[in-house]
Amino acid sequence: MESLFAGLPMPLRIKPARPMTDEELMRFCEQHDELAVEREPNGDLIFMTPTGLEGSNRNIALSRALDEWAEEDGRGLAFDSSAGVTLPDLSVRSADAAWISHRKLNALSLDDRKRFAHVCPEFVVELRSETDSLSVLQQKMEQWIANGAELGWLIDPFEKAIHLYRPGYPPEILKEISQVSGEGPVAGFIMPLDRIFTR
């Protein structure tokens, strides 16, 4: 797979002859785990390269903070960027970090939990990396909200900005802050931004 895509600009969009089923996409991703793959509502596949070391370190700081809070809070579970979910529009997405309530998780079958579960996280975070287009991430955040997310953060470490997304409201941009506080489904979660912004 790497040799097939060598030298091609990423992210790369491919239109299969027909949309992959959930099972086919799961098998494909298991066989080609060197690239992150998402599915658009129309069946197009989006291939993305892994993040660099700095981006990976930001991701782990974010995921760890959310996971530690979720464990103490007890109302749901945190997930990292390797967790793909199937949204109501039939796209398959993976946020850099996400939180899903036990109420939603308990409604899933055991089989669904082992695959790209048919569920939209209540809270999602996208963390911009060196290769990410800000406009593409903004569109992705809008899709998360349109599919049922109750709160979304788009963190841009290069502009040191947080874009807050909520249903029914335009995005709010916060700058020159040292931490960002959760609300709604993740009220009580506080994310320090020192490791995210000081690079």
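Scanning segment 104-136 for residues that are polar (S, T, N, Q) and not in a loop (DSSP other than H, G, I, E, B), we see that the one that is farthest from Leu154 (Cα to Cα) is Asn106. Candidates in segment 43-91 are the residues that are at pLDDT 90 or above, part of a strand (DSSP E or B) and aliphatic (A, V, I, L, M); of these, the one that is surrounded by the most Cβ atoms within 10 Å (Cβ to Cβ) is Ala78. Screening Ala161 against (1) surrounded by 12 or more Cβ atoms within 10 Å (Cβ to Cβ); (2) of a type in the set (Gly, Ala, Ser); (3) closer than 16 Å to Glu122 by Cα leaves a single unmet condition, (3).
Applying the set (1) free of Cβ contacts under 8 Å to residues at least 12 places away in the same chain; (2) more than 19 Å from Ser63 (Cβ to Cβ); (3) among the charged types (D, E, K, R) to Asp132 leaves exactly one unmet item: (2). Checked against the criterion of being in a loop (DSSP other than H, G, I, E, B), crowded, with 17+ Cβ neighbours inside 10 Å and not acidic (Asp, Glu), segment 137-146 has no qualifying residue.
Checked against (1) aliphatic (A, V, I, L, M); (2) in a loop (DSSP other than H, G, I, E, B); (3) over 16 Å from Ser81 (Cβ atoms); (4) in contact (Cβ under 8 Å) with a residue 12 or more places away in the chain, Ala149 meets all criteria but (3). Answer yes or no: is there a residue in segment 179-190 that is of a type in the set (D, E, K, R) and either buried (at least 18 other Cβ atoms within 10 Å of the Cβ) or modelled with pLDDT under 95 (or both). The answer is no; no qualifying residue exists.
The values are calculated or read from the model by the stated rules, or taken from the named source; none is laboratory data. None of the values given here were measured: they were computed from a predicted structure. Ideal geometry is used to build each Cβ from the backbone, glycine not excepted, and the neighbour counts take in all protein chains shown.
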